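A short write-up of the structure that comes next.
The values are calculated or read from the model by the stated rules, or taken from the named source; none is laboratory data. Everything numeric here is computed off the predicted structure, so don't read it as measured data. Ideal geometry is used to build each Cβ from the backbone, glycine not excepted, and the neighbour counts take in all protein chains shown.
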Amino acid sequence: MTNALAVDDRPATPQPTRTTGEIVYDAGTVLTLYFGSLVIPVVGWIVGLVMLWEGPRWTRTQKWIGTLIWPVAIAAAGAVLFVVRMATDSTGLGVAFWAVVVPVLVALPAVFVYLLVAARRSGTTVH
C-alpha cells in the first residue's frame, strides 16, 4: 500500500486570479489608447502607449499592434484621400471619405477589442 496519489487524484494547479486593479489597468490602457487619441490627440496616445508597454499581460507583438494602429490608420486614410483628391474633382471626396472612414471605424475598435481579449486571456505576466 502506497501513500502516493494517483495521477488523476492530484490537485489541479490553481490558475492565477486577476485582481480588480489589473482588470481596471488593462481596460484603462486600451481605453486611453483609443479615446485618449481623440480627446487629447498626441498626449493621450503617448500616455496610452506608456501604459501599454508597461503592462505585463501583452506580448511584444500585441504591443506593436497597439502602438502602430493609430499611425497606420491615419496614414492610410490620408493616402486614400490624397490619391482620390488628385484623381478626381472635389465631388469624389464624399465617396473617398466613406471609403476611409468605414474601414478605420472597423479596424480601430477591432484592434482594441483584440488587446482587451488578449489581456483577459493572459492570466500571467508576459512582458
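Some points to look at:
- For the range 86-109, the condition of being out of contact with any Gly (no Cβ under 6 Å at 6 or more places or on another chain), modelled with pLDDT of 85 or more and surrounded by fewer than 12 Cβ atoms within 10 Å (Cβ to Cβ) holds for at least one residue.
- Of all residue pairs spaced 6 or more apart or on separate chains, those with beta-carbon atoms under 6 Å, a first member in the range 28-54 that is in a helix (DSSP H, G or I) and a second member that is of a type in the set (A, V, I, L, M) and surrounded by 21 or more Cβ atoms within 10 Å (Cβ to Cβ) are T29/L52; V30/L115; G48/L33.
- Members of the range 56-72 found to be of a type outside the set (F, W, Y), surrounded by 13 or more Cβ atoms within 10 Å (Cβ to Cβ) and under 16 Å from V113 (Cα atoms), listed by number: R57, Q62, K63, I65, G66, T67, I69
- Against the list (1) part of a helix (DSSP H, G or I); (2) modelled with pLDDT under 90, the condition G66 fails is (2).
- Test: residue in the range 29-40 that is modelled with pLDDT of 90 or more, out of contact with any Leu (no Cβ under 8 Å at 6 or more places or on another chain) and surrounded by 14 or more Cβ atoms within 10 Å (Cβ to Cβ): yes
- The single condition among (1) in contact with a helix residue (DSSP H, G or I) (Cβ under 6 Å, 6 or more places away or on another chain); (2) surrounded by fewer than 17 Cβ atoms within 10 Å (Cβ to Cβ); (3) modelled with pLDDT of 90 or more; (4) small (G, A, S) that G48 does not meet is (2).
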